1. Nearest 20 debye, what's the magnitude of the dipole of the stretch 199-279 about its Cα centre given +1 on Lys and Arg Cβ and -1 on Asp and Glu Cβ?
2. Tally up the carbon and sulfur contribution to the accessible surface of the chain as a whole percent, 1.4 Å probe, everything protein left in place.
3. Relative to the Cα centre, what is the charge dipole magnitude of the stretch 1-136, using +1 at the beta carbon of each Lys and Arg, -1 at the beta carbon of each Asp and Glu, and rounding to the nearest 20 debye?
4. Cα convex hull of the stretch 44-202: how many Å³ per residue?
5. In the full protein assembly as shown, how much of HIS89 is accessible to a 1.4 Å probe, in Å² to the nearest 10?
6. State the label only: which of (i) 17.5, 50; (ii) 17.2, 55; (iii) 19.1, 59 corresponds to Rg and Dmax of the Cα atoms in Å computed from the shown model?
7. Could you do me a favour and compute the accessible area per residue for the chain, 1.4 Å probe, result in Å²?
8. Determine which residues of the stretch 132-167 fall in the zone a paramagnetic label at ARG191 would reach in this model, i.e. backbone nitrogen under 19 Å from the point 7 Å along Cα→Cβ.
Amino acid sequence: MPIAQLENLDMYYEEHGSGEPILLAPASWWPSDTWNVGVVPALSKQFKTITFDCRGTGRSSQPKDGYTVAQFAKDCIALLVDLGIARCHAVGFALGGQIMQAMAIARPDLVATLTIAASGAGARTLAGGPRSVSPDTEREIQAIGFERYIRNYIENDTMAFNPKFYRENGRVVAALADAVWSGQSTVEMFRRHEEARLTWDTLANAPAVKVPTLILCGADDDVARRGSTPVGTARRLAELTPAAELFLIPETKHMTFWDGTGGLVALENFLLRHSISARR
């Protein structure tokens with residue numbers, strides 16, 4: 001089992017394929033196995049994919065502290081250094097987008113391109129007010145159980161998947177739900193990762209990004225999340241991030257890379273247009 005022994009953290013990671021490296025950062029409380037549902041098999045045909053379990057998830061260790069976006073980004077930087085990777089494409093989904101944004105700002109020398117997919121606004125709403133985590137989460141977990149709560153986040157056609165795709169691709173939905181659940185440990189650790197979303201202001205930090213950036217989101221990813229929607233955040237990020245490209249995937253909801261193939265196609269096209277070798 002590949003483990004990178006970093007400072008105060010044993011981080012599980014996987015590498016697949018060959019070519020220019022892509023670091024794939026998962027959503028909050030999602031393990032690396034989620035990327036193996038469709039994404040790694042597709043990208044590893046042309047690239048070297050690197051996936052990992054954030055601290056507190058999956059097969060990585062569970063330090064008592066450090067559950068902030070800035071620390072997650074430092075963990076990613078340490079992993080790249082440990083693996084001897086001098087430059088990569090940084091791709092993040094949801095909270096992973098915030099992590100990759102933080103890494104691109106801290107170490108632009110390591111990041112050839114940045115892709116932020118379906119990320120939230122972070123610490124503040126689109127209107128500028130403070131955000132908070134949902135007060136209903138603990139009540140819902142107590143009512144239906146932790147596993148059902150996690151699976152419900154994936155197994156729906158209101159927030160997660162386009163209804164047509166959801167009806168016709170039950171195996172994909174089930175595989176993703178299984179992968180997400182497989183990396184959970186405790187409700188307390190889950191809450192730490194939820195709260196980490198509020199430790200980073202995605203919109204305020206956007207102007208500091210200085211690398212080619214793709215802002216990617218489902219065009220129908222419009223379910224409100226306590227003062228923001230992913231598609232609304234994507235549009236604002238594209239305005240605030242220097243020279244960013246915005247692509248809104250038609251007929252796609254929150255599962256950007258799993259709700260059909262549009263997200264993966266857009267990502268691959270962007271990476272091929274901004275290859276590391278061409279920028280040397």
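1. 300
2. 50
3. Value, rounded to 20: 320 debye.
4. Taking the convex hull of the Cα positions in the stretch 44-202, it is 147 Å³ per residue.
5. Accessible area, nearest 10 Å²: 0 Å².
6. From the options (i) 17.5, 50; (ii) 17.2, 55; (iii) 19.1, 59, the structure gives (ii).
7. 41
8. Correct set: 132-151.
The values are calculated or read from the model by the stated rules, or taken from the named source; none is laboratory data. In this text the structure is predicted, and so the values were computed from the model without any measurement. A quick note on method: Cβ atoms are made from the backbone with ideal geometry, for glycine too, and the neighbour counts reach across all protein chains shown. What goes into the accessible areas is simple: the full protein's heavy atoms, side chains included, and nothing from ligands, DNA or RNA. Shrake-Rupley method; radii C 1.70, N 1.55, O 1.52, S 1.80 Å.
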